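Below is one structure, written out as structure tokens, with a few remarks after it.
The values are calculated or read from the model by the stated rules, or taken from the named source; none is laboratory data. Bear in mind that the values here come from a model prediction, so they are computed numbers and not experimental data. Because the Cβ atoms are built from the backbone with ideal geometry, glycine has one as well, and the counts that use them run over all protein chains shown.
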Amino acid sequence: MRDLNYNHLRYFWAVAHEGSLTRAAERMHLSQSALSVQIQKLEHQMGHPLFERVGKRLVLTEAGKIALDYADTVFEAGEELMSTLRGRPVASRQVLRVGALTTLSRNFQLEFLRPLIGRSDVELIVRSGNMRDLIAQLEAHAIDVVLANSAAERDARSSLRNHLLDEQPVSLVGRPRRTAGPSAGAPENGAFDKGWAFRFPDDLATEPLLLPSLDSAIRVAFDRVLERHGIRPIILAEVDDMAMLRLLARERDGATLVPPIVVRDELESGVLVEFCRIPEVSETFYAIVQNRRFPNRLLDDLIPKIHGAGAR
């Protein structure tokens, strides 16, 4: 049996984490050509290519992902060994790297991470992006989990696992309605109209709407509801960011289509009220992970049954 060259493994480990031959070479004070030769020797020794080039990016192959899992464990154990033998306490601070869709509810992200927030032994790194970029980072081991409102596409060779975390109702919300004011007939000067009620689906034809963009699954489902009832809506705005939709709901009259969790604080304070629930429309929330030999153990605290049959 051939012995593993740990120097070659270290070079591979650096390139995999940097995601760039150039940056890794600069960090290790080597030329790119010398570093490339060392990695080629490791690939020859292992009998598998560890990287493939996609455009200008270096992407780990399946063998490369497995090798990186082991390399992470090897070098982490090495650091702990040196710390122990030198009498220094072993660093126990763990890092969790989370990728979240730019459009995802901030309240949902906060609830997902709440078990780890405030823990002195945990560092959280949260990045935002689109689904394609986040999945690429997940597959490159740059992040540990992706939070999204739709499942990742999978095929027979996919190592991705979709965990359904929650399914929330979707509502129309808006500012409380007021009666005509005592002066100048201005509704904003009047008292709250406690007798007003949104009539679903009739009022969908006359109530100005603030909606998520057409890229949103709940918008697609809501449009089907409108079509089923033969309604042509009055659209004030289409927004692809839930945080902006939340702000517009606070500032503009009209009805805003959102999961109530997005505007939970406003509903509790009375700044906004729920006009009605939309039947047959819901928002799903997923945690997407990759099958790894050594998954981040912090995920055990966040995803129920991560090692069981709850994924698909």
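Things worth noting here:
- Every pair of residues 6+ apart whose Cβ atoms lie under 6 Å, when the first sits in the stretch 53-70 and is at positive phi while the second is assigned to a loop (DSSP other than H, G, I, E, B) and basic (Lys, Arg): none
- For the stretch 15-58, the set of residues classified as surrounded by fewer than 16 Cβ atoms within 10 Å (Cβ to Cβ) and in contact with an Asp or Glu (Cβ under 6 Å, 6 or more places away or on another chain) consists of Pro49 only.
- Total residues in the stretch 195-217, condition more than 33 Å from the chain's Cα centre (by Cα), surrounded by 15 or more Cβ atoms within 10 Å (Cβ to Cβ) and not in a loop (DSSP other than H, G, I, E, B): 1
- In this structure, Arg277 does not qualify as over 21 Å from the mean Cα position of the chain (by Cα), in contact (Cβ under 8 Å) with a residue 24 or more places away in the chain and in a loop (DSSP other than H, G, I, E, B).
- Qualifying residues in the stretch 218-271 (those that are over 27 Å from the mean Cα position of the chain (by Cα) and basic (Lys, Arg)) - the one farthest from Phe285 (Cα to Cα): Arg232
- Restricting attention to the stretch 262-274 and to residues that are buried (at least 20 other Cβ atoms within 10 Å of the Cβ) and in contact with a strand residue (DSSP E or B) (Cβ under 8 Å, 6 or more places away or on another chain), the residue that is farthest from Thr206 (Cα to Cα) turns out to be Val263.
- Answer residue from the stretch 10-39, given it is part of a loop (DSSP other than H, G, I, E, B) and either closer than 25 Å to Ile143 by Cα or small (Gly, Ala, Ser) (or both) and is nearest to the chain's Cα centre (by Cα) among those: Gly19
- Val95 of a type in the set (A, V, I, L, M, F, W, C), modelled with pLDDT of 85 or more, under 25 Å from Trp13 (Cα atoms) and exposed (fewer than 13 other Cβ atoms within 10 Å of the Cβ): yes
- Screening the stretch 146-172 for residues that are aliphatic (A, V, I, L, M) and in a strand (DSSP E or B) and picking the one that is surrounded by the most Cβ atoms within 10 Å (Cβ to Cβ) gives Val146.
- Subset of the stretch 31-59 that is at pLDDT below 90 and aliphatic (A, V, I, L, M) - its residue that is nearest to Ser158 (Cα to Cα): Val59
- In the set His163, His141, only one residue is at positive phi and touching a residue at least 40 places away in the same chain (Cβ under 8 Å); that residue is His141.
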